[in-house]
Amino acid sequence: MQKLSRSLAENLAALDALFGASADYYVKEIAIYHCKGAIVLFDGMASLDSLWELLLDAASRQAPPNRSDAQPLTGQEAYALILHGSAFPAESSPVQDMPDLVKRLTAGMAVLLLDGCAEGIAFSVQGLKYRSVEEPSGEGNLRGSREGFADLLRVNLSLLRRLIRTPDLVQEVQQADTAAKTEYALCYCKSRADPAMVRRVRKTLAAAKPELLLDSSYFVPWLLPSWARLFTPVSYTERPAAAAAKLCEGKIIVLVNGSPSAMVLPALFCENFECLDDYASTAVFASFLRVLKYASFYLTVFLPGVFVCLAVYLPELIPPQLLYKIAAAEKATPLPLFAEMLLVILVLEVIREAGLRMPQSLGHSVSLVSALILGDAAIATGLMSTPVIFVASVTAIALFVTPSLYEPAVLLRLGVLLAAGIAGPVGLVGAFFAFLLSLSGTGMMGVPYLAPHPFPQAPLAEDGVIRRNYRRLSRQGFNIWQDRR
């Protein structure tokens, strides 16, 4: 570890070797109390206006306060006077080595180096440009806060601190072991989170070595080493209000600089069917919506497979009038029903991906026009039947009711369809039990993914598939670790 030199020229030469070719590297040599010094910063990250308001007046003085003579100060004396004997709003911890100096500079601070002193003084004059605090586009709600996380880590931490105004909130900021040295934050409430689990997560994140760290989800392969899993017992949110609610439940939040997505550890399966609006609505209506969401999820996973299984292997279970219409529609198509359903589902996924990756001004138009034109053309040419397109469309729409389960639902839907199309009822039942095993075998930090609200387990929990009155729920708060205390 390279320590700072007492020679200002040597320190500046070392910095010039590191950043001299960078256009944003800025250094200004000054004299303060007749002592030679230099201000070092990155233009655009530190605010020059704020810096000069702090230092320009003092730099022009010819004598330190309460000193009658004009004898120049040594670098060590000027350092002690500025850091401890003046009203300068400097950082309390000095800069002692080159890695620490680089860390302060890349955090948007300005550093004052003095000739004859082997330590630098950092000033928090950040002037970082960042996206303003806006409502997240992927998490809509009718009531409650409209704020969403921004891309700057310090802004996100301040949003959490503003909502949880107690000493319990702990926000630990560290640098990841990557080439870019990206910062991340581990947030938890010390009176509610399990200390052993906090230590475990802290150790895992410190040991993780991703090539790049652009989002909190990059840590998942280290938190969950298993590569073959359909469900991931972590969740994500861009709403500070939702993150604050999870912290109050004893959960752990991971934020990464440059990303507005907060990772919540651990997550439960039932939380995918809940939202902030549930607690702002009546208990009856919120329970109705939750039942509807559960039904939509199972519909999008099993409807195509059940339809193919009944139409191909068990047609006697379909009402005669409906069966005649399905048979008449299928006679005009060249493909078997199973291949037809598989093709329609894959085409819908291609359209969705194209609409998502296109520029925002074109994405919705491309998705809508593609679906209408392709669907109408497929029916008109006899390539696909109307019942198949109808079932696939209902399945695709039902999937967006629970967007957080989109990835496993797509894979499960294809798996169920393949099993039902190849093995019929036996394959459909086998796929259902494989789905249950996948859910029941998922967990994190000793918390099963299927654990209902609240512990201990109950058939119909106070805040599970149906919700009780919020006044009743508030009598006994929920904590994710309470059955382990």
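The values are calculated or read from the model by the stated rules, or taken from the named source; none is laboratory data. Because the structure is a prediction, the values reported are computed rather than measured. Every residue, glycine among them, receives a Cβ derived from its backbone with ideal geometry; neighbour counts consider all protein chains shown.
Candidates are the residues of the stretch 229-245 that are assigned to a loop (DSSP other than H, G, I, E, B) and of a type outside the set (D, E, K, R); the one that is farthest from Arg131 (Cα to Cα) is Leu230.
Note on the stretch 240-259: residues that are more than 10 Å from the chain's Cα centre (by Cα) and not small (Gly, Ala, Ser) amount to 8. Evaluate the following for Glu53: is it exposed (fewer than 15 other Cβ atoms within 10 Å of the Cβ) and modelled with pLDDT of 80 or more? In short, no.
Checking the stretch 190-212 against the condition returns no match, with no residue being in contact with a Pro (Cβ under 7 Å, 6 or more places away or on another chain), modelled with pLDDT under 90 and over 22 Å from Phe269 (Cβ atoms). Just one of the listed residues (Leu323, Leu356) is farther than 20 Å from Gly427 by Cβ, in the same structural domain as Phe433 (by TED's automatic domain parsing), of a type in the set (A, V, I, L, M, F, W, C) and surrounded by 14 or more Cβ atoms within 10 Å (Cβ to Cβ), and it is Leu323. Taking the stretch 107-204 and the strands (runs of 3 or more DSSP E) fully enclosed by it, the elements with 3 or more residues that are surrounded by 19 or more Cβ atoms within 10 Å (Cβ to Cβ) and touching a residue at least 40 places away in the same chain (Cβ under 8 Å) are at 110-114, 183-189. Filtering the stretch 436-450 to residues that are crowded, with 16+ Cβ neighbours inside 10 Å and either at pLDDT 90 or above or touching a strand residue (DSSP E or B) at 6+ places or on another chain (Cβ under 8 Å) (or both) leaves Thr442, Met444, Met445, Tyr449.
The residues of the stretch 1-18 that are under 15 Å from Pro94 (Cβ atoms) and surrounded by 15 or more Cβ atoms within 10 Å (Cβ to Cβ), listed by number, are Leu4, Ser5, Arg6, Asn11.
Modelled with pLDDT under 90, closer than 28 Å to Tyr313 by Cβ, assigned to a helix (DSSP H, G or I) and not acidic (Asp, Glu), is that true of Ile373? When the stated conditions are applied, Ile373 does not pass them.
What number of residues within the stretch 93-106 are surrounded by fewer than 21 Cβ atoms within 10 Å (Cβ to Cβ) and not in a strand (DSSP E or B)? Adding up the residues that qualify gives 9.
Here the condition is being in contact with a Leu (Cβ under 8 Å, 6 or more places away or on another chain), buried (at least 18 other Cβ atoms within 10 Å of the Cβ) and assigned to a loop (DSSP other than H, G, I, E, B); of Ser296, Ser259, it holds for Ser259 alone.
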